[in-house]
Amino acid sequence: MRTRSAVSIAMLALSCAACSTHRMGLIIADPRANAPTVVRDQAGVVTRLGTQGEAGPVAYLNGCIVEVDGPMVFGTLQVHDWRVLDAGDGSGNFVGLLRTYGARIVLDDRNSGSTVILDDLSAAPLRPYVGLNVLVIGHLTATGYVVPVAFRVLAPVTRSTSTAGQGTAK
């Protein structure tokens, strides 16, 4: 009887671990310090995040307000889906893979699910980061282009591309 109840409890724990958990809050992270990435909600509750694979860029969103979803595994929310709600300064943000389309630089925006075209002159400082995930802070023009004002690379940056990995577009 005792073994049967222990098995039932174990099955219940495993089934709950597979349930998706949703958190929204401020990211606190420093990937260089090898510290865990956490999200702190409005109530002050801190949840440790697993940011492997597709969720890797979340570890570089320190100071941003995000929504994250995924299963809880041994007290860590394994992030499967995420989006940036606020880049830390209240302005509009676009986040995703930076790539070229002909001579233009475009961004596959995770927040909207669309591809946005970046203004040619303002996006020039972003060209070394094509192929990486980038957070772009900027505004949309009447012609439908995004004018980057600032950006942050959401990946480790090598010396050959830049020493900072973030900057201000001109």
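So which of Met72, Met24 is touching a residue at least 60 places away in the same chain (Cβ under 8 Å) and either over 30 Å from Asp120 (Cβ atoms) or polar (S, T, N, Q) (or both)?
Every option except Met24 fails the conditions.
Considering segment 87-130, the qualifying strands (runs of 3 or more DSSP E), each wholly inside and each with 2 or more residues that are farther than 23 Å from Ile65 by Cα, run over 93-101, 104-109. Annotation: Val68 fulfils all but one of (1) modelled with pLDDT of 95 or more; (2) in contact with a helix residue (DSSP H, G or I) (Cβ under 6 Å, 6 or more places away or on another chain); the unmet one is (2).
Checking each residue in segment 34-51 for being assigned to a loop (DSSP other than H, G, I, E, B), more than 16 Å from Gly96 (Cα to Cα) and of a type in the set (S, T, N, Q) picks out Asn34, Gln42. Taken over segment 71-81, residues that are assigned to a strand (DSSP E or B) and either farther than 12 Å from Gly25 by Cβ or acidic (Asp, Glu) (or both) amount to 6. Val68 passes every criterion in (1) touching a strand residue (DSSP E or B) at 6+ places or on another chain (Cβ under 7 Å); (2) not in a strand (DSSP E or B) apart from (2).
Could you tell me whether any residue of segment 104-127 is crowded, with 18+ Cβ neighbours inside 10 Å and under 20 Å from Asp30 (Cα atoms)? Taking every residue of segment 104-127 in turn, none turns out to be crowded, with 18+ Cβ neighbours inside 10 Å and under 20 Å from Asp30 (Cα atoms).
Here Gly63 meets each of (1) touching a helix residue (DSSP H, G or I) at 6+ places or on another chain (Cβ under 9 Å); (2) within 30 Å of Val106 (Cα to Cα) with one exception, condition (1).
The values are calculated or read from the model by the stated rules, or taken from the named source; none is laboratory data. In this text the structure is predicted, and so the values were computed from the model without any measurement. All Cβ positions, glycine included, derive from the backbone under ideal geometry; neighbour counts span all protein chains shown.
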